[in-house]
Amino acid sequence: IIAYCVVKNKLERLELKPEGKLPEGLIWIDLIEPSAKEERFVETALGIDAPTREEMDKNEVMSPFYREGEASYMTITALYNQGSGHPESTAITLILLENKCLVTMRYHRPKAFSHFVARAVRLPDLCQSPEKVMEGLMEALVNSIADVLEKAGNELDRLLKELFEKPAL
C-alpha cells in the first residue's frame, strides 16, 4: 500500500502496513496488487467497499461508473508494457472520496502512474485535492494512450507507403 500525503505543500510517499493507521495529510492511496488483508484495511479505514479483481474486470465493461455512499467509483482501461512493442490493457479502479482522498486499485504498473508522481513531486499544486490527483492521473493515462496511438499510426502509414508505392510487376 503506497500512501501519498501533502505535508508542508510537498508530496510525500509512504508505505503503509495493514495493521497501521492512515497518516495525516493523506491525499491518495495506491493499492498495487493488494492482498486481501491490505484491501480490508483500506476498506475499514475509509468505510468503502473496494471491488475485487474479478469485479474490476466486470465493471470495466458493465458498470464503469457508480456511486456508493460518499464514494464515487470509476473503472477504466489503461495500457502497460508500451515499450515492449506489444502494449497490453488492464483495468484500474479509481475511488474518489470527496474532500478526503483518492484510492487507486491496480494489478499492473502503467508508466503513466510513475510519470504523474514524478510531475507531482516537482509541481505540488497537482496534489492539492483528491480531485486534482485524479485529474492528473487521468491526463497522464490519456497521454500514454495517445503516444501508443501515434506510434501505431506512424507504423501503419509506413506499411501503407511500402505496400502501395512498390512498382507494379
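Mind checking which residues of region 68-90 are open to solvent by 50 Å² or more (accessible area, probe 1.4 Å) and either closer than 20 Å to L137 by Cα or in a loop (DSSP other than H, G, I, E, B) (or both)?
Going through region 68-90, the residues open to solvent by 50 Å² or more (accessible area, probe 1.4 Å) turn out to be 68-70, 77, 81, 83-89.
Of everything in region 68-90, those that are open to solvent by 50 Å² or more (accessible area, probe 1.4 Å) and either closer than 20 Å to L137 by Cα or in a loop (DSSP other than H, G, I, E, B) (or both) turn out to be G69, E70, T77, N81, G83, G85, H86, P87, E88, S89.
Kindly list the number of the only condition in (1) open to solvent by less than 40 Å² (accessible area, probe 1.4 Å); (2) under 16 Å from L141 (Cα atoms) that fails for S114.
It is condition (1) that S114 fails.
Could you list, in sequence order, all residues of region 98-108 that are at pLDDT 90 or above and open to solvent by 10 Å² or more (accessible area, probe 1.4 Å)?
If we filter region 98-108 for residues that are at pLDDT 90 or above, which is where we start, we get 100-108.
Hits for region 98-108 are K100, R106, Y107, H108.
Of the residues that sit in region 142-169 and are open to solvent by less than 60 Å² (accessible area, probe 1.4 Å) and either more than 22 Å from the chain's Cα centre (by Cα) or at pLDDT 90 or above (or both), which one is nearest to V103 (Cα to Cα)?
It comes out as A152.
Out of all the residues in region 40-55, which are out of contact with any Leu (no Cβ under 7 Å at 6 or more places or on another chain), outside any loop (DSSP other than H, G, I, E, B) and surrounded by 12 or more Cβ atoms within 10 Å (Cβ to Cβ)?
Hits for region 40-55 are R40, F41, E43, R53, E55.
Give region 53-78 a look and list any residue that's farther than 20 Å from V42 by Cα and out of contact with any strand residue (DSSP E or B) (no Cβ under 6 Å at 6 or more places or on another chain), or say none.
Correct list: K58, V61, M62, S63.
Determine which member of the set K17, K21, K58, K10 is open to solvent by 20 Å² or more (accessible area, probe 1.4 Å), within 18 Å of the chain's Cα centre (by Cα) and more than 17 Å from R109 (Cβ to Cβ).
Values: K17 fails: within 18 Å of the chain's Cα centre (by Cα); K21 fails: within 18 Å of the chain's Cα centre (by Cα); K10 fails: within 18 Å of the chain's Cα centre (by Cα).
Just one listed residue meets the conditions, K58.
The values are calculated or read from the model by the stated rules, or taken from the named source; none is laboratory data. Everything numeric in this text was worked out from a predicted model, so none of it was measured. All Cβ positions, glycine included, derive from the backbone under ideal geometry; neighbour counts span all protein chains shown. Surface areas here come from the heavy atoms of the whole protein model, side chains and all, with no ligands, DNA or RNA. Shrake-Rupley method; radii C 1.70, N 1.55, O 1.52, S 1.80 Å.
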